[in-house]
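Engineer: Handing you a structure now.
The values are calculated or read from the model by the stated rules, or taken from the named source; none is laboratory data. Given the structure is predicted, the values throughout are model-derived calculations rather than measurements. Neighbour counts are summed over all protein chains in view; Cβ atoms, including those assigned to glycine, are modelled from backbone coordinates with ideal geometry. Note: areas computed on protein heavy atoms with side chains; ligands, DNA, RNA excluded. Shrake-Rupley method; radii C 1.70, N 1.55, O 1.52, S 1.80 Å.
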Amino acid sequence: MVNNSKPHTVDEPIVFGASDRPPRGNYSRAEPDYTCAQDYAAYTEQDHETYRRLYERQEALLPGLACDEFIAALPFLGAKDCIPRFEEINARLQRATGWEIVGVPGLIPELAFFKLLANRKFPVTDWIRQPQELDYIAEPDVFHDLFGHVPLLFNPVLADYVQRYGQGGLKAHQLGACEQLSRLYWYTIEFGLIAQADGLRAYGAGILSSSGELTYAVTSPQPQRIRLDLQRAMRTRYKIDTYQQSYFVIDSFEQLFGMTAPDFSPLYACVKDLSDLDANALLPGDQPVALDTTRP
């Protein structure tokens, strides 16, 4: 949700970076914290039909590719055949984990983004793509944010991790380390993989909301899959205009939460003294994760 306006596909939602064009969305109705009310009456029948088509297509792909926690939590979004009302989701979400979703007109500055997450408020874009954009969109819309991100906010462990990320972002902003933390966000919350007992599965929102990358990330022999190492992820550039060349793998959400518990200040200092890595780099100390070759 942070402002970044470089061209990319729907498979790689914008998260961080420099802006070179105005973002989509009506910012004139936003509050000082960039939140806005969901203008539900403004959605057309075509908007609801677009959401239904996207949801139906993506839900059919989930078995065997999405993590168990995501599949179990997806029904909590509610409506499948129309864009859900944010307040109806919040009634369930607040009871489950104390989170709420808040509308935003589009991409927002990093500091505002961090503040919302730190207060257990997840920003959700309130507009939806046009029918001709089912397979391509220039920035995240309501479908990506709701379908990709919100279900796992019903999981207490990941919900706490996202809040911790927001709190860490406020500190990283002061330390000039937002680039390093943004890469961790990208390779976990947006494009993370998890090793379940029955094989690799996706938990990152950028994968889960993409019809193309969901299959590619979990089954293709082309990308690298590496055990998550915080320093390694913070040094690794990411792709915004193609599928990812590397994915980082965790064993559980509890592992991810535990890894991010320490103070990152010494880690930032160490990473800043090291060179950045290309998205397809492979280091001698990397721990590759093999594909399950018995999959059909």
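Engineer: Given the options Phe70, Phe16, name the one that is under 20 Å from the mean Cα position of the chain (by Cα), open to solvent by less than 60 Å² (accessible area, probe 1.4 Å), hydrophobic (A, V, I, L, M, F, W, C) and at pLDDT 70 or above. Talk me through it step by step, then tell me what you get.
Structural biologist: Numbers: Phe16 fails: at pLDDT 70 or above.
Exactly one of Phe70, Phe16 is under 20 Å from the mean Cα position of the chain (by Cα), open to solvent by less than 60 Å² (accessible area, probe 1.4 Å), hydrophobic (A, V, I, L, M, F, W, C) and at pLDDT 70 or above, namely Phe70.
Engineer: Out of all the residues in the range 192-203, which are in contact (Cβ under 8 Å) with a residue 24 or more places away in the chain and out of contact with any strand residue (DSSP E or B) (no Cβ under 6 Å at 6 or more places or on another chain)?
Structural biologist: Initially, the range 192-203 is screened for residues in contact (Cβ under 8 Å) with a residue 24 or more places away in the chain, giving 192-196, 199-203.
Within the range 192-203, Gly192, Gln196, Gly199 meet the criteria.
Engineer: Consider Ala138 carefully, then state whether it is part of a helix (DSSP H, G or I), surrounded by fewer than 22 Cβ atoms within 10 Å (Cβ to Cβ) and not charged (D, E, K, R).
Structural biologist: no
Engineer: Now for a separate question. Scan Pro262, Pro284 and give me the residue that is more than 22 Å from Gly169 (Cα to Cα) and either among the charged types (D, E, K, R) or surrounded by fewer than 13 Cβ atoms within 10 Å (Cβ to Cβ) (or both).
Structural biologist: Working: Pro262 fails: more than 22 Å from Gly169 (Cα to Cα).
On inspection, the qualifying residue turns out to be Pro284.
Engineer: Looking at Arg225 and the list (1) farther than 14 Å from Leu184 by Cβ; (2) out of contact with any Pro (no Cβ under 9 Å at 6 or more places or on another chain), which single condition is not satisfied?
Structural biologist: Condition (2) is where Arg225 drops out.
Engineer: Looking at Leu256, Leu208, Leu267, Leu228, which one is open to solvent by less than 50 Å² (accessible area, probe 1.4 Å), in contact with a Gly (Cβ under 6 Å, 6 or more places away or on another chain) and closer than 18 Å to Tyr161 by Cβ?
Structural biologist: On the way: Leu256 fails: in contact with a Gly (Cβ under 6 Å, 6 or more places away or on another chain); Leu267 fails: in contact with a Gly (Cβ under 6 Å, 6 or more places away or on another chain); Leu228 fails: in contact with a Gly (Cβ under 6 Å, 6 or more places away or on another chain).
That would be Leu208, the only listed residue that is open to solvent by less than 50 Å² (accessible area, probe 1.4 Å), in contact with a Gly (Cβ under 6 Å, 6 or more places away or on another chain) and closer than 18 Å to Tyr161 by Cβ.
Engineer: State which residue is nearest to Ile189 (Cα to Cα) when the search covers only the range 34-63 and only residues that are touching a residue at least 12 places away in the same chain (Cβ under 8 Å) and either in a loop (DSSP other than H, G, I, E, B) or in contact with a His (Cβ under 7 Å, 6 or more places away or on another chain) (or both).
Structural biologist: Leu62
Engineer: So which residues in the range 236-253 are in contact with a helix residue (DSSP H, G or I) (Cβ under 6 Å, 6 or more places away or on another chain) and open to solvent by 30 Å² or more (accessible area, probe 1.4 Å), if there are any at all?
Structural biologist: Tyr238, Tyr243
Engineer: Of the conditions (1) touching a helix residue (DSSP H, G or I) at 6+ places or on another chain (Cβ under 6 Å); (2) of a type outside the set (Asp, Glu); (3) surrounded by fewer than 18 Cβ atoms within 10 Å (Cβ to Cβ), Leu181 fails just one. Which one is it?
Structural biologist: Unmet condition: (3).
Engineer: A further question on this structure: Within the range 150-178, track down each residue that is more than 16 Å from the chain's Cα centre (by Cα) and either of a type in the set (Ser, Thr, Tyr) or open to solvent by less than 10 Å² (accessible area, probe 1.4 Å) (or both).
Structural biologist: Kept after step one, since they are more than 16 Å from the chain's Cα centre (by Cα), are these residues of the range 150-178: 156, 167-168, 170-178.
Residues satisfying the conditions are Ala172, Ala177.
Engineer: Let me ask something additional. What is the residue count in the range 73-114 for residues that are of a type outside the set (A, V, I, L, M), on the phi < 0 side of the Ramachandran plot and more than 17 Å from the chain's Cα centre (by Cα)? Walk me through how you get there before you give the answer.
Structural biologist: Going residue by residue through the range 73-114, those that are of a type outside the set (A, V, I, L, M) are 75-76, 78, 80-82, 84-88, 90, 92, 94-95, 97-100, 103, 105-106, 109-110, 113-114.
Now restrict to residues that are on the phi < 0 side of the Ramachandran plot: 75-76, 80-82, 84-88, 90, 92, 94-95, 97, 99-100, 103, 105, 109-110, 113-114.
Still in the list and also more than 17 Å from the chain's Cα centre (by Cα): 75-76, 80-82, 84-88, 90, 92, 94-95, 97, 105.
Going through the range 73-114 one residue at a time, the tally reaches 16.
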